[in-house]
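Peer 1: Please read through the structure below; I'll follow up with questions.
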Amino acid sequence: MRKKLLILPLLAFMFFASVAQAHFLGYDSVDNGEIRWGGSTVYSSQWNSAISTWNGLDLIDILPDTWWTFQDLTVDDVNRSDVTWTGQYTNSVGSDEIDLNRYYLDNDTSAQQQNTATHELGHSLGLAHSFSGNVMYYAQTFQTALGSHDQSDYDYLW
Ligand SMILES: [Zn+2]
């Protein structure tokens, strides 16, 4: 989940409590080394770029669902003013889900939209929130490339 608000005391706590620790959710959408995805979003270029970014790291392949594969992840757009998040990953029985919130994202820059898409896809890979300077930082930023901790968490987990 991605929030726009900064909570500095929490951030300071996370920094001092978590240095040198890895950040994992304990669940993910990976099935046999793959995430097969379906659904659609108006942010398709950001979504496809997010897939390319994570596929640039080895081991897990994020690929479109087919007739003969099980859909692990569904991407969808929502338009919700009653929440503060720009994107949300939900892990569930059956296909997991990434919701992209047009209520905020439609007014965001392409880089912010990219940041949210790459971040939520990172959650589906099992990554939890980490430090500033990384895509998995809890708040939305303009960062589109993976940070060093994004990569080390991924390498440690996979
Ligand atoms: Zn998040």
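Values in this text are rule-based calculations from the coordinates and carry no lab data. Since the model is a prediction, treat every value here as computed from it, not as a measurement. Here Cβ is always computed from backbone atoms with ideal geometry, including for glycine, and neighbour counts include all displayed protein chains.
Peer 1: Residue by residue through segment 70-83, what is 3J(HN,Hα) from phi via Karplus (6.51 cos²θ - 1.76 cosθ + 1.60, θ = phi - 60°)? Round to whole Hz and write x for glycine and proline.
Peer 2: Calculated HN-Hα couplings, in order: 8, 6, 8, 8, 10, 9, 8, 9, 10, 9, 10, 8, 8, 10 Hz.
Peer 1: Calculate the FRET efficiency for Ser45 and Tyr156 from the Cβ-Cβ distance with a Förster distance of 25 Å, rounded to the nearest 0.05.
Peer 2: For Ser45 and Tyr156, the calculated efficiency is 0.25.
Peer 1: Counting only DSSP beta bridges with both residues in the chain, tell me the antiparallel percent, nearest 5.
Peer 2: Roughly 30 percent of the beta bridges in the chain run antiparallel, per DSSP.
Peer 1: Follow-up question, since we're still on this one. For the chain, with a Gaussian network of springs between Cα atoms less than 10 Å apart, report the residue from Asp31, Asp72, Asp82 with the top mean-square fluctuation.
Peer 2: Top of the fluctuation ranking is Asp82.
Peer 1: Also: Which residues in segment 113-129 have a backbone N closer than 12 Å to a point placed 7 Å from the Cα of Asn91 along the Cα-to-Cβ line?
Peer 2: Zone members listed by number: 123-129.
Peer 1: Could I ask something else about it? Estimate the FRET efficiency between Asp61 and Ser148 by the formula 1/(1 + (r/R0)^6), using the beta-carbon distance for r and 25 Å for R0, to the nearest 0.05.
Peer 2: 0.65
Peer 1: Could you tell me which of rounded, prolate or oblate describes the chain, using a ≥ b ≥ c as the square roots of the eigenvalues of the alpha-carbon gyration tensor, with rounded for a/c under 1.5 and, failing that, prolate when a/b is larger than b/c and oblate otherwise?
Peer 2: Oblate shape, in that a/c is at least 1.5 and b/c is the bigger or equal ratio.
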